[in-house]
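What follows is a single structure, written as structure tokens, with notes after it.
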Amino acid sequence: MNDAVGIGILGAGWITRAHGHALHTLGHVAPLSRPIRLTALGARNRDRGEAMARDLGVERFTTEWADVVDDPRVDVVANLLGETAHREATEAALALGKPVLCEKPLGRDRFEAGSMLAAAQRAGVPAACGFNYRYVPAMRLARQIVESGKLGACVQFRAVYLQDHAAGRVPSRRPNASRAVTDYAHIVDFLRYLGCEAEAVQATSAKLTEGGADVEDAYVAAIDLRGGGIASLEASRVARGWKGRQVVEYNGTDGSLWWDMEDLNRLHVFYASDEADRTGGFRDVLVTQTDHPFLDMWWPPGHTIGWEHSFAHEWRDFLSAIIDDRPMSPEQASFDDGYQAAVLCDAIVASAAEGRRVRIDELTQAPAPTLQA
């Protein structure tokens, strides 16, 4: 079958441009066995939506998400709306048997995410959560090194994500404005992506802006890991001067590694065994070799790639699974991964609100409330 795969896009925010760019890029550098067709784009804001559809070369625009989901020419749905609009549209697409790539966070909380996970399981089609940093070559290499066992068991995991886009301005006044914990769910996902599982969390958070929704702008969480070890997660959208400081660090019994989004082509790796040869210290690995993850589809060694390329890798992996009629790769964030991230996010929120240590099993064993559409 060589007919085009029709992609239906929901949303016209800045992240839509990143996804659209990636889908166009695939046809130029790593074509799939079937071509891609941007069939329809749905967004509530007509002016912005029409402009986005025109810029991305989408065939038609509508203000109704259902028009995109129900379109028989749409084979795959990209739900790039805000988190408050994820569940209904995603579940409608899955009910029609259409694969969905939904941006992170999967839902506003674990109950929405759990409902979407159940819908994906019923549908039996590929359903991915948009944790695109899994597709940064340096972070994929980090996962491979951790999985090799060369760093040993995790003793301490640390991740921080600092920005200042909310500093000095009035944030969104929408009643469902997103919170810092879910805004920065990437670092929550990284914890599990690098092989760690949370057992309990103690967190504190603060609202540090005037007006807007009553949600936190920053938080710090201390986490007990299953099997021993500790972790810390910290995020802020009011950290003056930081535009995208996302740093991930894994400290094991036999070595460590760390990665910084602001220098995303480099991975810093330390092996304790090097000290026996008096060559101890972190190795500064420029991840551009053709045998490094994803780099065989790009440029000669030494030529770096950017943040936007992670979306091309993400979409190629997702669409390949659909076209080849196979399960998604274990490296791709599934709806279960999205749900697990939502559980930890809820635990962080609950701990900060209640001022106590929250065990993860308290939340996974609690009955789900009735969900409203």
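Checking residue 49 against (1) out of contact with any helix residue (DSSP H, G or I) (no Cβ under 8 Å at 6 or more places or on another chain); (2) in contact (Cβ under 8 Å) with a residue 60 or more places away in the chain: exactly one of these is not met. Which one?
Residue 49 satisfies every listed condition except (2).
Among the residues that make up segment 177-193, is at least one of them in contact with a Cys (Cβ under 7 Å, 6 or more places away or on another chain) and polar (S, T, N, Q)?
Going through segment 177-193, the residues in contact with a Cys (Cβ under 7 Å, 6 or more places away or on another chain) turn out to be 181-182, 185, 188.
Next cut, polar (S, T, N, Q) only: 182.
Checking segment 177-193: at least one residue is in contact with a Cys (Cβ under 7 Å, 6 or more places away or on another chain) and polar (S, T, N, Q).
Would you check which residues across segment 49-65 are farther than 28 Å from residue 320 by Cβ and either under 23 Å from the mean Cα position of the chain (by Cα) or loosely packed, with under 14 Cβ neighbours inside 10 Å (or both) and list them?
Residues satisfying the conditions are 54, 63, 64.
Within segment 244-287, restricting attention to residues that are touching a residue at least 60 places away in the same chain (Cβ under 8 Å) and of a type in the set (Val, Ile, Thr), which residue is farthest from residue 152 (Cα to Cα)?
The qualifying residue farthest from residue 152 (Cα to Cα) is 287.
Name, by its number, the condition in (1) over 11 Å from residue 157 (Cα atoms); (2) surrounded by 16 or more Cβ atoms within 10 Å (Cβ to Cβ) that does not hold for residue 231.
For residue 231, the failing item is (1).
All but one of (1) within 15 Å of the chain's Cα centre (by Cα); (2) under 24 Å from residue 308 (Cα atoms); (3) among the aliphatic types (A, V, I, L, M) hold for residue 113; which doesn't?
Going through the list (1) within 15 Å of the chain's Cα centre (by Cα); (2) under 24 Å from residue 308 (Cα atoms); (3) among the aliphatic types (A, V, I, L, M), residue 113 breaks only (2).
To keep it simple, each residue is scored yes or no on (1) modelled with pLDDT under 95; (2) not β-branched (Val, Ile, Thr).
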| residue | (1), (2) |
| --- | --- |
| 19 | no, yes |
| 26 | yes, yes |
| 32 | no, yes |
| 68 | no, no |
| 78 | no, yes |
| 83 | yes, yes |
| 98 | no, yes |
| 104 | no, yes |
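Does residue 204 qualify as being open to solvent by 20 Å² or more (accessible area, probe 1.4 Å), in contact (Cβ under 8 Å) with a residue 24 or more places away in the chain and not in a loop (DSSP other than H, G, I, E, B)? Steps first, answer last, please.
Details: open to solvent by 20 Å² or more (accessible area, probe 1.4 Å): yes; in contact (Cβ under 8 Å) with a residue 24 or more places away in the chain: yes; not in a loop (DSSP other than H, G, I, E, B): yes.
Yes, satisfied.
If we keep just the residues of segment 264-295 that are in a loop (DSSP other than H, G, I, E, B) and farther than 19 Å from residue 307 by Cβ, which is least open to solvent (accessible area, probe 1.4 Å)?
Our first condition is that a residue be in a loop (DSSP other than H, G, I, E, B); within segment 264-295, this holds for 264-265, 278-282, 287-294.
Remaining after also requiring farther than 19 Å from residue 307 by Cβ: 278-282, 289-291.
On the way: 278: 218, 279: 84, 280: 45, 281: 30, 282: 108, 289: 81, 290: 82, 291: 129 Å².
Out of the qualifying residues, it is 281.
Within the set of pairs 6 or more residues apart or between chains, which connect a residue that is β-branched (Val, Ile, Thr) inside segment 217-236 to a residue that is surrounded by fewer than 17 Cβ atoms within 10 Å (Cβ to Cβ) with Cβ atoms less than 6 Å apart?
Within 6 Å, the pairs are 220/204; 230/156.
Please enumerate the residues belonging to segment 99-126 that are open to solvent by 10 Å² or more (accessible area, probe 1.4 Å) and assigned to a strand (DSSP E or B).
Within segment 99-126, 103 is the sole residue that qualifies.
The values are calculated or read from the model by the stated rules, or taken from the named source; none is laboratory data. Remember, predicted model here, so these are calculated numbers, not experimental data. All Cβ positions, even for glycine, are placed from backbone atoms using ideal geometry, and neighbour counts span all protein chains on display. For accessibility, only protein heavy atoms count, side chains too; no ligands or nucleic acids. Shrake-Rupley method; radii C 1.70, N 1.55, O 1.52, S 1.80 Å.
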